[in-house]
Amino acid sequence: MRKEIQYYLDQNSDLKFYMRMHPVWYRRLGRYPGDVSRLKEAADEFYGRTLNKKIERFSQQLDLISMFMEMAKSMGNNEKDNNEITND
């Protein structure tokens with residue numbers, strides 16, 4: 001593997017870790033040094049740093065917040081109903 005690629009991987013520890021988990025990239029970069037951008041794309045997909053993954057995570061967080069809001073609303077209604085029953 002070329003020295004500049006090794007230096008680049010030393011500067012980007014997440015890419016280096018990804019390569020250790022997927023050793024096929026050692027051979028691929030040794031043969032085709034220009035595939036560093038493809039390595040970065042694959043690592044971004046693996047780590048969930050793509051736009052689609054970010055949107056998906058945001059959507060899941062919104063769903064969770066919505067669920068908590070509904071739960072709090074229903075608990076508030078139950079308390080109100082219990083207070084009305086005890087006051088009668």
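The values are calculated or read from the model by the stated rules, or taken from the named source; none is laboratory data. Being a predicted model, the structure only gives us computed values, none of them experimental. With ideal geometry, Cβ positions are generated from the backbone for all residues, glycine too; neighbour counts draw on all protein chains shown.
A compact table of results
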| read-out | value |
| --- | --- |
| Filter pass, Lys40 being assigned to a helix (DSSP H, G or I), surrounded by 14 or more Cβ atoms within 10 Å (Cβ to Cβ) and without any contact (Cβ under 8 Å) to a residue 24 or more places away in the chain | no |
| Candidate set from the stretch 44-75 (those that are assigned to a helix (DSSP H, G or I) and hydroxyl-bearing (Ser, Thr, Tyr)); member that is nearest to the chain's Cα centre (by Cα) | Tyr47 |
| Filtered residues of the stretch 12-36 (kept if over 21 Å from Arg49 (Cα atoms) and surrounded by 11 or more Cβ atoms within 10 Å (Cβ to Cβ)) | Tyr26, Arg28, Leu29, Gly30, Pro33 |
| Test: residue in the stretch 56-71 that is more than 30 Å from Leu15 (Cβ to Cβ), among the β-branched types (Val, Ile, Thr) and either in contact with a Leu (Cβ under 6 Å, 6 or more places away or on another chain) or modelled with pLDDT of 90 or more (or both) | yes |
